[in-house]
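What follows is a single structure, written as structure tokens, with notes after it.
The values are calculated or read from the model by the stated rules, or taken from the named source; none is laboratory data. What you see is a predicted model, and the numbers here were worked out from it, not measured in a lab. In this analysis, Cβ positions are derived from the backbone assuming ideal geometry, glycine residues included, and neighbour counts consider all displayed protein chains. We work out accessible area using only protein heavy atoms, side chains counted, and drop any ligands, DNA or RNA first. Shrake-Rupley method; radii C 1.70, N 1.55, O 1.52, S 1.80 Å.
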Amino acid sequence: MLSYKESLKILKETEALLEGHFILSSGLHSKQYVQCAKLLSYPKQAETICMSLSQKIKEKFTNIDIVLSPALGGIVVGYEIGKQLNVKSVFVERVDGKLTLRRGFSISKKSNVLIVEDVITTGKSVLECSEIVKMNNANLIGYACII
């Protein structure tokens, strides 16, 4: 598992960690911002970060049947976590402003679902994902994210 310093080093090397003045989607101000898309453009470094996250997931969660991620940012992270956990990975997309399962994806009744995102700020997307899990009569077992 990566240490905080090792993770920070990767974020800086990939230029994903930005410093300055940022207004976040929540309206809060920050001196730092992480642009995960920059990290994800370096597959080996992204794999390393996701491997560390998957190790943490394995410590906290058991019996995961499916990883669910919101598009767009969560797709790559969800795929990589699904690959490392050896479980199915699907994503939801916005249709008319609402997250929806498409492309023939489904969540089986009573399956154990882990929601994975690249970054959680306001929590809006992951909360919408949790509603999709409930609508499919599945079990939401938790959330995981890089940032």
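For the chain, the carbon plus sulfur part of the accessible surface works out to 53%, probe radius 1.4 Å. Got a sec? Charge dipole of the chain, +1 on Cβ for Lys and Arg, -1 for Asp and Glu; which of VAL126, LEU114, ILE49 is way out at the positive end? Positive-most Cα among the choices belongs to LEU114. Rounded, prolate or oblate: which one fits the range 79-147, using the alpha carbon gyration tensor with axes a ≥ b ≥ c (rounded when a/c is under 1.5, else prolate when a/b beats b/c, else oblate)? Verdict is rounded for the range 79-147. Helix 4-13 and the longest principal axis of the Cα set of the chain meet at an angle near 80°. Estimated purely from DSSP H runs of n ≥ 4, each contributing -39500 (n - 2.57), the mean residue ellipticity at 222 nm for the chain is -12000 deg cm²/dmol once divided by its residues. Using only side-chain charges placed at the Cβ, +1 for Lys and Arg and -1 for Asp and Glu, the dipole size of the range 15-129 relative to its Cα centre rounds to 360 debye.
So for the chain: antiparallel DSSP bridges make up what percent, rounded to the nearest 5? So the antiparallel bridges amount to about 40 percent of the total.
Helix 73-85: angle to the longest alpha-carbon principal axis of the chain, degrees 0 to 90, nearest 10? The answer is roughly 70 degrees.
Each residue of the range 53-68 was assigned a 3J(HN,Hα) from its phi angle through the Karplus curve 6.51 cos²θ - 1.76 cosθ + 1.60 (θ = phi - 60°); the sequence is 5, 5, 5, 5, 4, 4, 6, 9, 10, 10, 6, 7, 9, 8, 9, 10 Hz, with glycine and proline shown as x. Each part reduced to its alpha carbon centroid, the range 30-70 and the range 72-147 end up 13 Å apart. Using the Stokes-Einstein relation with a Kirkwood hydrodynamic radius computed over Cα pairs, the translational diffusion coefficient of the chain at 20 °C and a viscosity of 1.002 mPa s comes to 136 µm²/s. The residues of the chain present an accessible area of 59 Å² per residue when probed at 1.4 Å with all protein chains retained.
Peptides 53-66, 80-93 ranked from most to least packed, by the mean per-residue count of other Cβ atoms within 10 Å: 80-93, 53-66. Taking a ≥ b ≥ c as the square roots of the Cα gyration tensor eigenvalues, the range 47-125 comes out oblate, since a/c reaches at least 1.5 and a/b does not exceed b/c. Rounded to the nearest 5, what % of the DSSP beta bridges within the range 94-147 are antiparallel ones? Percent antiparallel among DSSP bridges in the range 94-147 is about 25. Comparing LEU114, LEU127, LEU24 in a Gaussian network model of the chain where C-alpha atoms under 10 Å apart are linked, the largest mean-square fluctuation is found at LEU24.
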